[in-house]
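The next block holds one structure in the form of structure tokens; read it before the comments.
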Amino acid sequence: MAVSKRKRAEYIRYAQYGLLIVIALVVAFLADWGQIRAAFFNVDIAKSMFPSVITVALKNTIIYTALGFAFGLALGLVLALMKLSSVAPYRWIATVYIEFFRGVPALLVFIGIYYGVPIAFQMQFPPLTTVMLALGGVGAAYMAETIRAGIQAVPKGQVEAARSLGMSQGRAMITIVIPQAFRIILPPLTNELILLTKDSSLIYILGLFREQYELTKFGRETLSRSPSLTPILIAGLCYLIITLPLGYLSRYLERRGTGGARKKVSA
Amino acid sequence: MSETFVEITGLKKSFGPLEVLKNIDLKVDRGDVVCIIGPSGSGKSTLLRCVNLLEEPNAGKIVVNDVELTDPDVDIDSARTKIGMVFQGFNLFSHLNVLANLTVAQRKVLKRSEEESRRVALHNLERVGLSEKAHAMPAQLSGGQQQRVAIARALSMDPDVMLFDEPTSALDPELVGDVLGVMRQLADEGMTMLVVTHEMQFAREVADKVIFMDGGYIVEEGPAAEVIGNPQEERTREFLARVLDPTHHGPSDPV
Ligand SMILES: Nc1ncnc2c1ncn2[C@@H]1O[C@H](COP(=O)(O)OP(=O)(O)OP(=O)(O)O)[C@@H](O)[C@H]1O
Ligand SMILES: [Mg+2]
């Protein structure tokens, strides 16, 4: 006897629930919960990390990310404008930059900047500057494409209105187009900020002092002195303190939209 | 004694292979209202946009208030402050409230003080009857209100001439009257105006001169009563028949 379409769909759904339960049970039986507890939830070690995990590591992660984001945003805007320039060499330079830094692992870029810049310019930058250049340099490549899409999504009539009021091309760009573009790209920019927060973990290769540790380095350093993986869990939770609210913010901004006349970024 | 304020001679404009304006000569006297009518695609918007050089002409000369805009050395940004433009789609700056829409170019281009630009803006909002909307965002306004704000924005630069490109075409019928009322008042105050429109009643009552365009040429021009009331050219008659009495023509007739 043939089974109706709806019945079949129902059976398939039951099967999916069943599979999930089986996998959960198998994992639960196989795992050694005592070991897991010992490995990840050692209360004494967790306590020993406070308050410096917050006052040093979390704080530094935020500072490094903020510096990188600020520099990346500025450089990204310049790259976006270069990509839209009518002067071909500007477009080429921007394209090469963007493709290179998006295509190469951030870790390699950091190593290159850390060892390469002092050789190339015969000078040692302060650590914060190096962090800013490295994180921002990579972030800029991603943000440039987002900003360019935002600028192009501003309706043409906005520029025409600005020009008809006597604004120059540059003045219209600064006063009218860029502010509107940033409203449009606020959600994707917030996502870039989340990615950058996680990328900030890569600057451990810059060989920082104890008071310069960010979350990952701090966690690994505590790990090397303790028999438990608890520091990694704590560090991970601290990242979530930053990234979860940003994720909510991004989705909120996306839902709220920006009102007024505008096209979709994808258009 | 009338004085020529806008003078266009031998204007040509192409988009790639498409010749849109084929040799336009046009004179507008100071204080006159000139309405431009004609079928879709005949080049009306392009002509208007050439007057403030939003479109770069391929040939010809455009002189506004004794300034030759087609002179390569002209300061076009400064010239444009004296030529107000109102678009079919309003084009209010969507990130700025009404007051800021009216003050931003005064501040950044004319370098007026915050206080003065604000005073000028509020005065012009009052002229278009929207004083109470100074702090609204464009998206909170009806189309008719947005268009009146756009007019006030252009007026805030103290222009000598105003260009209107189908200012009421995007509006619900019941909102058209408010915008036309503002334009009529402007005309009464002596503003020089070039208006692309399909509002024949407005053209008939307000225009000093009506121009009928077709195929990139000015086919017929003259006083409103002549061109609309008693057209000499066959093409003008056909067009007017379609516009004034659209129900008597099948859907196959392009309007
Ligand atoms: N930027 C452009 N690039 C290419 N073609 C264009 C451009 N602007 C206008 N055109 C073309 O030029 C012709 C005239 O356009 P224009 O907008 O001046 O007509 P119009 O008389 O204003 O018509 P409508 O009543 O529909 O507004 C049309 O065929 C149009 O497709
Ligand atoms: Mg048009």
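The values are calculated or read from the model by the stated rules, or taken from the named source; none is laboratory data. Everything numeric in this text was worked out from a predicted model, so none of it was measured. Note that each Cβ is placed from the backbone with ideal geometry, even for glycine, and that neighbours are counted across all protein chains shown. Surface areas here come from the heavy atoms of the whole protein model, side chains and all, with no ligands, DNA or RNA. Shrake-Rupley method; radii C 1.70, N 1.55, O 1.52, S 1.80 Å.
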For the range A:149-267, which whole-number percentage of the solvent-accessible area (1.4 Å probe, protein heavy atoms only) is attributable to carbon and sulfur atoms? 61
Before rounding to the nearest 500, sum -39500 (n - 2.57) across all DSSP H runs of length at least 4 in chain A and divide by the residue total; then give [θ] at 222 nm in deg cm²/dmol. -24500 deg cm²/dmol
Can you tell me which of A:Arg13, A:Arg148, A:Arg210 moves the most in a GNM of chain A? Springs connect C-alpha atoms under 10 Å apart. A:Arg13
Shielding of A:168-180 by other chains, given as the mean Cβ count within 10 Å, works out to 3
DSSP bridge pairs, the protein assembly as shown: antiparallel proportion in percent, nearest 5: 55
Computed FRET efficiency, Cβ-Cβ of B:Asp160 and B:Asp245, R0 35 Å: what is it to the nearest 0.05? 0.40
Taking 0.36 nm per residue of separation and subtracting the Cα-Cα distance, what length does fully extending A:Ala15 through A:Leu246 add? 79.5 nm
The relative contact order of the range A:132-267, taking Cα pairs under 8 Å that sit 6 or more residues apart, comes to a percentage of 34
Rounded to whole angstrom, the alpha-carbon centroid of the range B:31-52 lies from that of the range A:74-150 at a distance of 48
Roughly how many percent of the accessible protein surface of the range B:4-244 is carbon and sulfur, given a 1.4 Å probe and a whole-percent answer? 43
Over chain B, what is the mean sequence separation of C-alpha contacts under 8 Å (at least six apart), divided by residue count, expressed as relative contact order in percent? 25
Hey, rough spin-label estimate for B:Asp66 and A:Ala120, points 7 angstrom out along Cα→Cβ, what's it come to in nanometres? 5.8
Set of the range B:156-200 residues, backbone N closer than 19 Å to the point 7 Å along the Cα-Cβ line of B:Phe15: B:164-167, B:169-170, B:196-197
At A:Val3 and A:Lys198, where each label point lies 7 Å from the Cα along Cα→Cβ, what is the point-to-point distance in nanometres? 3.9
Global form of the protein assembly as shown, assessed from the alpha-carbon gyration tensor, a/c cut-off 1.5: prolate
At the level of C-alpha centres, the distance separating the range B:2-28 and the range B:141-203, in angstrom, is 23
Using a Förster radius of 35 Å, what is the FRET efficiency between B:Glu116 and B:Ser2 based on their Cβ-Cβ separation? Nearest 0.05, please. 0.60
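Please give the contour-minus-distance gain from A:Ala88 to A:Val27: 0.36 nm per residue of separation, less the Cα-Cα distance, rounded to one decimal in nm.
Net length gain for the segment: 16.2 nm.
Give the calculated FRET efficiency between B:Asn58 and A:Leu108 to the nearest 0.05, with a Förster radius of 51 Å applied to their Cβ-Cβ distance.
With a Förster radius of 51 Å, E is 0.45.
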Looking at this model, which pairs from B:Lys12/B:Lys209; B:Lys27/B:Lys111; A:Lys83/B:Lys111; B:Lys12/B:Lys82; A:Lys83/A:Lys156; B:Lys44/B:Lys108 are more than 26 angstrom apart at the alpha-carbon? B:Lys27/B:Lys111; A:Lys83/B:Lys111; B:Lys44/B:Lys108
